[in-house]
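Presented below is the structure to which this report refers.
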Amino acid sequence: MSMEFEECVISEGDVPSGSGGINREGYTYGELRRQPIIPEVMRGVTDPTVHRWAEECNARNRSGFVMRKVAGEYCFDGLHVGPKVRLPERVELIRRFGRVPSAAEVREVSYSLLREEIARQTGMSVAKAASAIGNMLDCVPHEDISGYVYMVPNWAHKWFRHRGYVSRILS
């Protein structure tokens, strides 16, 4: 089975903004696609493992992240920071809840799995791992339509409107 993908053409000079104050610093897309975790955020990353993840994301994108759509949905894979965690299939969630779960329940399961994996890999508590995602890295959990959850920079997740895993589970 081949996957249909298309490269998204976005102006280097566009400035991601809106959506709750993303990119208040005013970086252009051209700058962000080459350094997704900006210097202001990097300075606040105190955990060595989390810092390494952020550096790896930036190194992987030095020549410029290219946003693509796969089967009509934005693909954030190249922007991932840290671990990728496999999510339960729809039947597993129905078994767990005894019914089709709500969007909030699906997100709670996926966010918990990501927080627990971050905690496992860093030695942090699960609560501190949750804080590392949003407060330390300015990232957000992205539940990919392919069935994985991973962190992506907040600016990208909010700027590229998309449907993902939750939509797939609820359909």
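Here are the numbers for this structure:
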item	result
Listed residues Pro141, Pro48, Pro36, most fluctuating in the chain (Gaussian network, C-alpha, under 10 Å)	Pro48
For Arg24, net neighbour charge (Lys/Arg +1, Asp/Glu -1) across residues whose Cβ lies under 13 Å away	-2
3J(HN,Hα) from dihedral phi, region 70-76, Karplus parametrisation 6.51/-1.76/1.60, rounded to Hz, x for glycine, proline	10, 6, x, 10, 4, 10, 8
Accessible surface of Glu56 - all protein chains present, 1.4 Å probe, nearest 10 Å²	80
Mean Cα-pair separation over length for region 1-142, i.e. relative contact order, pairs under 8 Å, 6 or more apart, %	22
The chain, accessible area per residue, ligands and nucleic acids excluded (1.4 Å, Å²)	52
Radius 15 Å from Cβ of Ala59, net charge of other residues (Lys, Arg +1; Asp, Glu -1)	+3
By accessible area with a 1.4 Å probe, ligands and nucleic acids excluded, highest first: order of Ile10, Ile22, Ile145	Ile145, Ile10, Ile22
Accessible-area ranking of Glu117, Glu55, largest first, probe 1.4 Å	Glu55, Glu117
Carbon and sulfur %, accessible surface of region 77-171 computed with the full protein complex present, 1.4 Å	50
Probe 1.4 Å - accessible area at Lys84, Å² to nearest ten	90
Phi-based couplings in Hz for region 162-171 (Karplus 6.51, -1.76, 1.60; Gly and Pro marked x)	7, 10, x, 4, 4, 4, 5, 5, 7, 7
Karplus (6.51, -1.76, 1.60) ³J(HN,Hα), θ = phi - 60°, over region 122-136, in Hz, Gly and Pro reported as x	9, x, 6, 6, 4, 5, 5, 4, 4, 5, 4, 4, x, 7, 7
Calculated [θ] (222 nm, deg cm²/dmol) that DSSP helices of n ≥ 4 give over the chain, each run adding -39,500 (n - 2.57)	-10500 deg cm²/dmol
Which of Arg24, Arg90, Arg115 is most accessible, then next, and so on - probe 1.4 Å	Arg24, Arg90, Arg115
Gain in span if fully extended, Arg99 to Lys128, counting 0.36 nm per residue against the direct Cα distance	7.3 nm
Area projected by the alpha carbon convex hull of region 58-139, averaged over all directions, nm²	7.0
Per-residue SASA entry for His162, accessible area with 1.4 Å probe, Å² rounded to 10	60
Distance in nm between pseudo-label sites at Glu108 and Glu92 (7 Å out along the Cβ direction from Cα)	1.8
Euclidean distance between Cα centres, region 20-99 to region 117-171, Å	8
For Cys139, residues with placed amide H under 5 Å, excluding near neighbours	Gly134, Asn154
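The values are calculated or read from the model by the stated rules, or taken from the named source; none is laboratory data. Bear in mind that the values here come from a model prediction, so they are computed numbers and not experimental data. Every residue, glycine among them, receives a Cβ derived from its backbone with ideal geometry; neighbour counts consider all protein chains shown. Surface areas here come from the heavy atoms of the whole protein model, side chains and all, with no ligands, DNA or RNA. Shrake-Rupley method; radii C 1.70, N 1.55, O 1.52, S 1.80 Å.
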